[in-house]
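The values are calculated or read from the model by the stated rules, or taken from the named source; none is laboratory data. This one's a predicted model, so the numbers in the text were calculated from it and none came from an experiment. All Cβ positions, glycine included, derive from the backbone under ideal geometry; neighbour counts span all protein chains shown.
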Amino acid sequence: MEQYNILGRTGEGAHGIVFKAKHIETGETVALKKVALRRLEDGIPNQALREIKALQEIKDNEHVVKLKDVFPHGTGFVLVFDFMLSDLSEVIRNSQRPLTPAQVKSYMMMLLKGMAFLHHNNVMHRDLKPANLLISSSGHLKIADFGLARLFSEQGERLYSHQVATRAVGCIFGELLNSSPLFPGENDIEQLCCVLRVLGTPTQDSWPVRHTLVFPSLQGTRSQTPPLPPGRPPSDPRAAFRGS
C-alpha cells in the first residue's frame, strides 16, 4: 500500500472496502479494493478468488473493468482496478438529470458489447445489475464485480447459456427506461411473484421443458418437480493463481 496515496473511501461491498487512491510514481488514479481475511485458516473468500480468476482469464476490453494488480496487505490483500466515478444505479437515481433516449441507447450498446466480449471469452458474469456497471466522468460504462462469475465451456459439468445474461440485460434496459426496477422484489420469492404477475404462470407451450426440471432433495436424491397448476403463481492471492 505504500506505493499509493489514499484519497478517500468510495464504497463497501460484501467482501471489501473500496478506496480512491493515486499511484505515487505514475500519478494514476485507481480504485483499491481491500479484502480482509476474517480468519487466516479460512483462506481467501471464494468470491474474491472467482473475481481474480475471471479477470485474469480475459484480455483488456474497453467495456470491462481492468484488474491492474493484486498484492497481499496485512492479514488480507488488495485488488487494484480502474477508477470510475460512479455506477449506473446512481445515474438512474439522479432525478434532476433524467436519462435521454440517446443516453439509454449508448449505455445499452456499451453493456451489450461488454457482455459479448465476456461470453466470447467463456465468462458468465451472473450478477448483472446497475450497481455493478461503473460509469466514468465522461459517461463510459464498464462491467465490474465478478465475485459470482463462472468460467464455462461446452464440456463443463454444468452448462451456462447466454439466456442468464439476456434476462438481466433486459431488466437493466427496463430500469433505464422507467427509472425504477422492472421487477422490484425485496427477496427471491417477491421477485418471482413480480415476474409471474407481469408475464403470467409458465405453460407447457411457453416453457416446454419445465416438467423435466429436477432438484436435489434433502436426502441427496433427485426428484422430478410436479407440473405447476394453471393460474397459480408459485494467504498471497498471487500465489494461488501463479501460472494461470
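Laid out as a table, the results:
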{"read-out": "Options SER180, SER206, SER161; residue that is within 26 Å of MET109 (Cα to Cα) and modelled with pLDDT of 80 or more", "value": "SER180"}
{"read-out": "Residues within the stretch 134-152 that are at pLDDT below 90 and outside any loop (DSSP other than H, G, I, E, B), tallied", "value": "2"}
{"read-out": "Tally, over the stretch 47-61, of residues that are in contact with a Gly (Cβ under 8 Å, 6 or more places away or on another chain) and either more than 25 Å from ASN5 (Cα to Cα) or assigned to a strand (DSSP E or B) (or both)", "value": "3"}
{"read-out": "Qualifying positions in the stretch 181-212 - aromatic (Phe, Trp, Tyr) and over 24 Å from ILE92 (Cα atoms)", "value": "TRP207"}
{"read-out": "Search result, residues across the stretch 65-95 that are assigned to a loop (DSSP other than H, G, I, E, B) and surrounded by 14 or more Cβ atoms within 10 Å (Cβ to Cβ)", "value": "VAL65, LYS66, PHE83, MET84, LEU85"}
{"read-out": "For PRO98: the one exception among (1) out of contact with any strand residue (DSSP E or B) (no Cβ under 8 Å at 6 or more places or on another chain); (2) assigned to a loop (DSSP other than H, G, I, E, B); (3) surrounded by 16 or more Cβ atoms within 10 Å (Cβ to Cβ)", "value": "(3)"}
{"read-out": "The lone exception for THR75 - which of (1) at pLDDT 90 or above; (2) farther than 22 Å from CYS171 by Cβ; (3) not assigned by TED's automatic domain parsing to the domain that holds PRO184 it fails", "value": "(1)"}
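For (1) at pLDDT 95 or above; (2) more than 16 Å from ARG167 (Cα to Cα), each residue gets a yes or a no:
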| site | (1), (2) |
| --- | --- |
| ASP82 | no, yes |
| MET110 | yes, yes |
| HIS125 | no, no |
| ASN132 | no, no |
